[in-house]
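Structure, as structure tokens:
The values are calculated or read from the model by the stated rules, or taken from the named source; none is laboratory data. Worth saying up front: this structure is predicted, and the values here are computed from it rather than measured. Note: ideal-geometry Cβ built from the backbone for every residue, glycine included; neighbour counts use all protein chains shown.
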Amino acid sequence: MALLWQSRYARHTDQLYFERVSLWRDMFPGDLAARLARADPGQIVSCPTPIGALVEPYDRSLVRMLRRNQFRPPRPELAGLLPLAGRFYPRHFVHDVHDFFPEDRRPLRCLITTTDHMAADFNHPFAGFNAVVEGRIIQDLEAKEERGGHCNDVPVEITADGPGMQAALADRDTDFFAGDPFARIDPRPDPDFYQQPRLVQHLDDVALAGVRQIYGEYIRPDMRVLDLMSSWVSHLPESRDHTEVTGLGLNREELERNPDLSERVVHDLNASPQLPFEVATFDAAICTVSVEYLTRPLEVFREVARVLRPGGTFIVTFSDRWFPPKVISLWTELHPFERVGLVIDYFRLSGGFVDIASLSRRGWPRPAADTHAAQRVKSDPVFAVSGVRRSDSPV
């Protein structure tokens with residue numbers, strides 16, 4: 001299934017894989033079940049869903065003005081946490097709200113704060129959006145032995161656990177940058193931490209195949225590509241004849257091990273965001289599972305826009321795994337879909353990009369042979385944000 005929609009700054013696609021879905025009409029929006037029942041494997045069918053079709057319509061009575069002292073996170077280590085405009089928090093962070101139960105972990109959104117009060121929005125994050133739901137049957141299991149499976153309420157499944165949280169508010173920006181958002185556990189220079197090569201895969205094979213598929217939508221033969229924060233693998237699609245790839249990373253040995261690279265540059269972006277390339281050098285740029293380590297992201301994104309040719313695309317992919325000592329503190333505080341919103345703001349606030357789009361890829365089964373198969377049944381989620389270099393970019 002795919003959920004397609006648009007918010008103030010970006011268009012979004014959320015792809016959700018179902019192992020097995022019963023095609024019961026009342027479990028799908030509109031006539032999607034009937035159309036899927038007639039579709040061949042691989043055929044995509046779509047169904048427009050108006051506001052209120054997937055989640056309850058937006059209800060203004062669910063916006064409440066609360067006293068600031070009602071915001072009390074339950075864990076002692078969060079005692080100093082302040083509500084910030086546009087950010088999401090579990091409902092059980094607020095107290096003395098009579099019609100919500102104390103352990104409710106569904107999200108609320110802080111709209112505004114004053115010295116003594118905060119406005120909290122208890123609507124579903126996706127309330128208020130029109131969308132298109134797409135479905136595609138990957139494999140027809142009708143002739144196979146029935147093993148039980150389970151039924152899915154598709155609107156609930158595709159709107160659960162995040163979609164909508166990446167969207168900016170209609171009238172104000174999300175306050176991502178209060179406090180010290182780019183602090184890290186290990187403040188040492190990055191070259192010290194990355195002195196030893198880390199020849200490991202950060203994601204499982206299914207997730208990495210998803211990354212390659214995403215890059216394959218943008219990377220074409222004969223392109224010049226910048227692999228930003230590169231390592232020993234670039235995760236590019238196989239069909240990229242004559243593509244020149246420049247890898248910029250922190251560890252020389254990792255870069256030398258990468259067979260995809262035509263050029264290798266050792267450079268610390270957190271120490272010096274300026275890229276050592278001329279204006280309009282590259283047709284595309286990628287950054288794979290590394291954006292969460294940038295401490296000066298807006299400067300880096302401006303530099304990427306500078307070295308891209310007009311119309312070139314920058315694609316950033318990430319998941320929910322990272323090196324704890326070097327990840328920025330803000331990243332660890334956000335829901336995965338809020339991180340999508342943060343990266344959208346990196347693109348937007350850097351000033352060099354248009355046509356910003358985001359994609360999430362969730363729910364695929366983890367390979368049985370994967371190291372973490374016993375702990376995590378589903379593949380690592382993949383999130384991507386892309387932007388096109390403005391032809392009139394000021395950078």
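Here are a few things to note about the model shown:
- Residue count for segment 310-324, restricted to those that are in a loop (DSSP other than H, G, I, E, B) and more than 22 Å from ALA209 (Cβ to Cβ): 2
- THR295 vs. criteria out of contact with any helix residue (DSSP H, G or I) (no Cβ under 6 Å at 6 or more places or on another chain), at pLDDT 95 or above and in the same structural domain as ILE356 (by TED's automatic domain parsing): yes
Residue by residue, here is whether (1) touching a strand residue (DSSP E or B) at 6+ places or on another chain (Cβ under 7 Å); (2) of a type in the set (Ser, Thr, Tyr); (3) in a loop (DSSP other than H, G, I, E, B) holds:
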{"position": "GLU19", "(1), (2), (3)": "yes, no, yes"}
{"position": "ALA37", "(1), (2), (3)": "no, no, no"}
{"position": "PRO41", "(1), (2), (3)": "no, no, yes"}
{"position": "ALA53", "(1), (2), (3)": "no, no, yes"}
{"position": "TYR58", "(1), (2), (3)": "no, yes, yes"}
{"position": "SER61", "(1), (2), (3)": "no, yes, no"}
{"position": "ARG64", "(1), (2), (3)": "yes, no, no"}
{"position": "ASN69", "(1), (2), (3)": "no, no, no"}
{"position": "PRO73", "(1), (2), (3)": "no, no, yes"}
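- Segment 107-121, residues that are among the charged types (D, E, K, R) and surrounded by 14 or more Cβ atoms within 10 Å (Cβ to Cβ): ARG109, ASP121
- For the residues PRO48, PRO125, PRO102, the requirement of being at pLDDT 90 or above and assigned to a loop (DSSP other than H, G, I, E, B) singles out PRO125.
- Test result for LEU269, surrounded by 22 or more Cβ atoms within 10 Å (Cβ to Cβ) and without any contact (Cβ under 8 Å) to a residue 60 or more places away in the chain: yes
- Qualifying residue in segment 83-101 (condition: basic (Lys, Arg), within 27 Å of ARG172 (Cα to Cα) and not assigned by TED's automatic domain parsing to the domain that holds ILE138): yes
- Residue check for ALA271: touching a strand residue (DSSP E or B) at 6+ places or on another chain (Cβ under 9 Å), farther than 30 Å from ALA373 by Cβ and modelled with pLDDT of 95 or more: no
- When every residue of segment 160-181 is checked against the conditions, at least one turns out to be among the β-branched types (Val, Ile, Thr), modelled with pLDDT of 95 or more and closer than 30 Å to LEU81 by Cα.
- Conditions (1) modelled with pLDDT under 95; (2) surrounded by fewer than 21 Cβ atoms within 10 Å (Cβ to Cβ); (3) within 24 Å of ASP370 (Cβ to Cβ): number failed by ARG257: (1)
- Between SER262, SER290, SER329, the distinction of being hydroxyl-bearing (Ser, Thr, Tyr), crowded, with 16+ Cβ neighbours inside 10 Å and not assigned by TED's automatic domain parsing to the domain that holds HIS12 belongs to SER290 only.
- Some residue of segment 384-392 being in contact with a Pro (Cβ under 8 Å, 6 or more places away or on another chain), assigned to a strand (DSSP E or B) and among the hydroxyl-bearing types (Ser, Thr, Tyr): no
- Considering the conditions (1) within 22 Å of the chain's Cα centre (by Cα); (2) buried (at least 17 other Cβ atoms within 10 Å of the Cβ); (3) farther than 21 Å from SER262 by Cα, ASP205 is excluded by exactly one of them, (2).
- Test result for ALA160, under 17 Å from ASP14 (Cα atoms) and crowded, with 17+ Cβ neighbours inside 10 Å: no
Yes/no per residue for (1) charged (D, E, K, R); (2) under 27 Å from GLU238 (Cα atoms); (3) in a loop (DSSP other than H, G, I, E, B):
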| residue | (1), (2), (3) |
| --- | --- |
| LEU255 | no, yes, no |
| ASP260 | yes, yes, yes |
| VAL265 | no, yes, no |
| LEU269 | no, no, yes |
| PRO273 | no, no, yes |
| PRO276 | no, no, yes |
| ALA280 | no, yes, yes |
| ALA284 | no, yes, no |
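- Within segment 209-254, restricting attention to residues that are more than 30 Å from ASP192 (Cβ to Cβ) and of a type in the set (Ser, Thr, Tyr), the residue that is surrounded by the fewest Cβ atoms within 10 Å (Cβ to Cβ) is SER239.
- Complete set of residues in segment 222-253 that are in a loop (DSSP other than H, G, I, E, B), of a type in the set (D, E, K, R) and within 23 Å of ARG389 (Cα to Cα): ASP222, ARG240
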